[in-house]
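Trainee: Provided herewith is a single structure, encoded as structure tokens, for subsequent inquiry.
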Amino acid sequence: MIHTPKEGKFNRDKKDKDYCYWSLRSIIKKWPIWLARQLNLPLLETLALKFLGVKSFKSNCVNGGWLDCEFIEFGKNIKIGQGSIIMSNIMIREKLIIKKVVLGDNVIIGAHSVVSPGTIIEKNTILDALSMTSIGQMLESDSVYSGTPAQKIKNNQPITNIIELEKSIFKQKLKSREENENLRTDVKEMSVPFHVYILSGWWIMGGSFIIPGFLFFIFIYWFLIPNLFLSPFSLNLLLNLEIILILLLTPIILIGIYLLHLVFVALFTSVFYRFADYRGPAQGIFDRNLNEHWKVLDYYHWRSFLLKYPVFAFLKSPFPWLLNWELRFIGSNKIGNGTVFEECFIHSHLNFGKNCYMGTFAHISNHLVDGVYGTENLTFYGAKIGDNCVFNVLIGGMPGLEVGNNATFLPMATTIKYDKMEDNGIYLGFPARRLNKEAVKKFMGKDFNDD
């Protein structure tokens, strides 16, 4: 109502009003969708999406994926696969691109696929798993598309003989390749006992509620109930100055108690994490089968365990931007000013410069297990990210990643270990490769490739 959303290309800068209001809308809109999913009520999610501006129908199944909450129009009987993303916006270098996405009736989006802004998918069309459309791409009706970017591979013809289809799928008997000797491993005593995991996890999760819970109890039973709930209701009550102050202060106090809980989460995590970090391994490659390495790696695993709930608590809260402060306070990461984390995966030893962006389901890892079960090594290296870098949805980064300034990773781009990405590059594919001008223009589409 304050600022009308609109399509177009905008500067990724605080001085650009369209970008600022888009950021604010994104934060406000994603929380009710998250809440509806926690209640596991798809109908409630559909109603929330419609209320937020997404045209959809109750016959659609969209709760398996993730979608933006504006400039999206769905037909009927649409199926969104697990982990897929429908994007009406994308960031490329210093630009934010917003363009409407339209999916016709009976469209199926395969698992872990990406529909880019401006995509139009006509009726009865399937986008295969692990596929991605280009910006502004049109997918013809009654077709099957696959690849990155998506290409038509066949017509989507109705199934006429389901028995023959079942035979073609299940005609081969599966053979187990595992043998008992390959599944055996030696039992090792943990240098960080299991009860330490339980106690530290309980204290971070449960202990952080003790003082805020006590304050909440006092506020409800000693203040709110006697002064508000036990007062006889009348219209004059709404004009009472004391009652008005109580109604105004109640949400502020409740938010303050919730923020105090988050502060204790960060405080307790910091204490355990710093001890585990002191005892844990420096970066390197470790043989998981050697006893001396195994004991050091126990602290590495414990350290990783300690970060899981704190990152979840902040990232899923109504105040996700506080995650930057939390990671700095704990000491697990270096985060530059202006860096934004969406619904992504965060590990320790990932250091970001200024004004970076991590999109939905983006994942940069600090560890990788090499080898087969029983003879594997653990590669443990952090990542160094420069300023103004953009990691779009479903990107993957391997340990030892180094990225220069002003780099953009397009959706589903994935690096290999120890990759070094140059300044000002736009990367796509696996392994992630820098695109030339023609490839960038092809992905951007005719409406957005002028610069």
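We did not get these values from a lab; they are worked out from the coordinates using the rules stated. Since the model is a prediction, treat every value here as computed from it, not as a measurement. Neighbour counts run over all protein chains shown; Cβ positions are idealised from the backbone, glycine included.
Trainee: Ignoring GluC sites (Glu not before Pro) that are buried or in helix or strand per DSSP, and keeping those with at most 10 other beta carbon atoms within 10 Å, what is the longest stretch of the chain between them?
Mentor: 190-451
Trainee: Same structure, new question: With each run of n ≥ 4 DSSP H residues scored as -39500 (n - 2.57), what mean residue ellipticity at 222 nm is computed for the chain after dividing by its residue count and rounding to the nearest 500 deg cm²/dmol?
Mentor: One gets -10500 deg cm²/dmol as the mean residue ellipticity at 222 nm.
Trainee: Would you please give the residues with an amide H less than 5 Å from that of L96, counting only those at least 5 places away or on a separate chain, with H modeled from the backbone geometry?
Mentor: Long-range HN contacts for L96: F10, N11, R12.
Trainee: Counting other beta carbons within 10 Å of each residue's own, what order do Y309, Y19, Y278 fall into, fewest first?
Mentor: Y278, Y309, Y19
Trainee: In percent, how large is the relative contact order of the chain, given Cα pairs closer than 8 Å and 6 or more residues apart?
Mentor: 9
Trainee: How high is the relative contact order of the range 188-331, in percent, with contacts defined as C-alpha pairs under 8 Å that are six or more residues apart?
Mentor: This gives 32 percent for the range 188-331.
Trainee: Between the alpha-carbon centers of the range 265-337 and the range 63-97, tell me the distance in whole angstrom.
Mentor: Each part reduced to its Cα centre gives a spacing of 32 Å.
Trainee: Ok, one more. Contour minus end-to-end for I28 and F233, with contour as 0.36 nm per residue of separation and end-to-end as the Cα-Cα distance?
Mentor: Taking I28 through F233 to full extension adds about 70.5 nm, to one decimal.
Trainee: Using only the Cα atoms of the range 8-156, build the gyration tensor, take square roots of its eigenvalues as a ≥ b ≥ c, and label the shape rounded, prolate or oblate: rounded if a/c is under 1.5, else prolate if a/b is larger than b/c, else oblate.
Mentor: Values: a/c = 2.05, a/b = 1.20, b/c = 1.71.
Taking the square roots of the gyration eigenvalues as a ≥ b ≥ c, the range 8-156 is oblate.
Trainee: Something else: What shape does the range 272-390 have by the C-alpha gyration tensor, where a ≥ b ≥ c are the square roots of the eigenvalues, rounded means a/c under 1.5, and otherwise prolate means a/b greater than b/c and oblate the rest?
Mentor: Note, shape of the range 272-390 comes out prolate.
Trainee: Here's something else I'd like to know. According to the square roots a ≥ b ≥ c of the eigenvalues of the Cα gyration tensor, what is the shape class of the range 90-132, taking rounded for a/c under 1.5, prolate for a/b larger than b/c otherwise, and oblate for the remainder?
Mentor: In terms of gyration-tensor shape, oblate.
Trainee: Mind checking the range 323-386 for chymotrypsin sites (Phe, Trp or Tyr not before Pro) that DSSP puts in a loop (not H, G, I, E or B) and that have at most 13 other Cβ atoms within 10 Å?
Mentor: Passing both the DSSP loop test and the Cβ count: Y373.
Trainee: Compute the normalised compactness of the chain: alpha-carbon radius of gyration over 2.2 N^0.38 Å, N being the residue count.
Mentor: In units of the globular-protein estimate, the chain measures up at 1.13.
Trainee: Going through the range 51-91, which trypsin sites (Lys or Arg not before Pro) have at most 16 other Cβ atoms within 10 Å and a DSSP loop state? All intermediate terms of the calculation are to be shown ahead of the outcome.
Mentor: Numbers: sites: K55, K58, K76, K79; in loops: K58, K76.
Taking the range 51-91 and a limit of 16 other Cβ atoms within 10 Å, the loop trypsin sites (Lys or Arg not before Pro) found are K58, K76.
Trainee: 7 Å from Cα along Cα→Cβ at both L43 and I169: what's the point-to-point distance in nm?
Mentor: Calculated label separation equals 2.9 nm.
Trainee: If I take R0 = 60 Å and measure r between the Cβ atoms of F57 and K295 in this structure, what FRET efficiency does the formula 1/(1 + (r/R0)^6) give, to the nearest 0.05?
Mentor: 0.60
Trainee: Now a separate question. Roughly how many nanometres apart are two label points built 7 Å out from the Cα toward the Cβ at D423 and L267?
Mentor: Label at D423, label at L267, 4.4 nm between them.
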